[in-house]
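*Asks:* First the structure, which I've put down as structure tokens, then a few questions once you've had a look.
The values are calculated or read from the model by the stated rules, or taken from the named source; none is laboratory data. None of the values given here were measured: they were computed from a predicted structure. Cβ: placed from backbone, ideal geometry, glycine included. Neighbour counts: every protein chain shown.
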């Protein structure tokens, strides 16, 4: 593996870094406090190609390779992981559902605008009683002529409050388990759809996550995604695509935690010298740096395998699991170095710590990934 960057990759990364620092950083603290997604900043990302990711240019995307895409996400996440998340909507769980399984008409109607920065999109899979047990979902779909009628409730759905369209899943036959699940594309203005954002969340505040209630929602057959019974396959494929982006976001956040902790350690003085001279502080800085480099290499290896056409499922699980766990440890160490100041939102480290915890759960909890990695290694899964 050679991660020497080309001139084009360097230009993309430099442009992303400038945009993140000049257009996003001055506003992060404010929109995080307000729990408000900054649509005005997001609107600027599309024309720059920051929302197109790996989506082919024919569908409005940037046609990036996965290594470049991961590096771009890291740059955005170092400043604000929510905006990094926004940059991945077309290439992550929402967009790839349509890219890989949608009809040409669905791609033109839903994917092309999303890749050009006309989002958000919501991926409505999780339910209160199911979580990682997707096959046990309770949302029902009943065929009624040229429509399906959907009833059920989805929860903890990112960007649900502002989504221009949604991907959701319902079972036509609960007894069939995963084989009874079908995927659908919804438009929020349809009758029977209610979206309620959660307030006062620990982290991910500007993402406006919340609850989606479907009450006799009539969905045209033309808005079925894939065939009947393919919903579980579509959901798992989409979540898998999102794991690389979650890991890349974690790496960017780790770099921010390391920088914040290092800056504080070299300026904060006790007993007449910077606390960075203390061995225990140095030990934390060392652990953070090693974890950052390790996580970054795991992400780039997974991205390189994707670009090379190799199977990368285990690699993406390893990258997601390790990076999110390492991020949590790094954020905690950075908080400890900051001391009491870490508890004030005048210092950014608290926001990274709050957001870090969510990373261990999204796109499959780390407990799930530990099981997956073991099954790949033992030959129980291919």
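*Asks:* I'm told residue 263 meets every condition in (1) crowded, with 17+ Cβ neighbours inside 10 Å; (2) at pLDDT 95 or above; (3) part of a helix (DSSP H, G or I) except one. Can you identify the failing condition by its number?
*Replies:* Residue 263 satisfies all of (1) crowded, with 17+ Cβ neighbours inside 10 Å; (2) at pLDDT 95 or above; (3) part of a helix (DSSP H, G or I) except (1).
*Asks:* State which residue is nearest to the chain's Cα centre (by Cα) when the search covers only segment 214-240 and only residues that are on the phi < 0 side of the Ramachandran plot and assigned to a strand (DSSP E or B).
*Replies:* 225
*Asks:* For segment 132-156, how many residues are more than 18 Å from residue 223 (Cβ to Cβ) and without any contact (Cβ under 8 Å) to a residue 60 or more places away in the chain?
*Replies:* 6
*Asks:* Sticking with this structure for a sec: I'm trying to understand the selection: among the residues of segment 98-119, which are more than 15 Å from residue 61 (Cβ to Cβ) and touching a helix residue (DSSP H, G or I) at 6+ places or on another chain (Cβ under 7 Å)?
*Replies:* Across segment 98-119, the qualifying residues are 101, 106.
*Asks:* Return a yes/no flag: does segment 299-308 have any residue that is in a loop (DSSP other than H, G, I, E, B) and modelled with pLDDT under 95.
*Replies:* Yes: segment 299-308 contains one or more residues that are in a loop (DSSP other than H, G, I, E, B) and modelled with pLDDT under 95.
*Asks:* Taking the condition free of Cβ contacts under 8 Å to residues at least 40 places away in the same chain, more than 17 Å from residue 120 (Cβ to Cβ) and under 17 Å from the mean Cα position of the chain (by Cα), does residue 79 pass?
*Replies:* Considered against the rule, which asks whether it is free of Cβ contacts under 8 Å to residues at least 40 places away in the same chain, more than 17 Å from residue 120 (Cβ to Cβ) and under 17 Å from the mean Cα position of the chain (by Cα), residue 79 comes out as no.
*Asks:* Continuing with this model, one more query. Among the residues of segment 221-255, which ones are within 26 Å of residue 290 (Cβ to Cβ) and surrounded by 23 or more Cβ atoms within 10 Å (Cβ to Cβ)?
*Replies:* 243, 244, 245, 246, 247, 248, 249, 250, 251, 252, 253, 254
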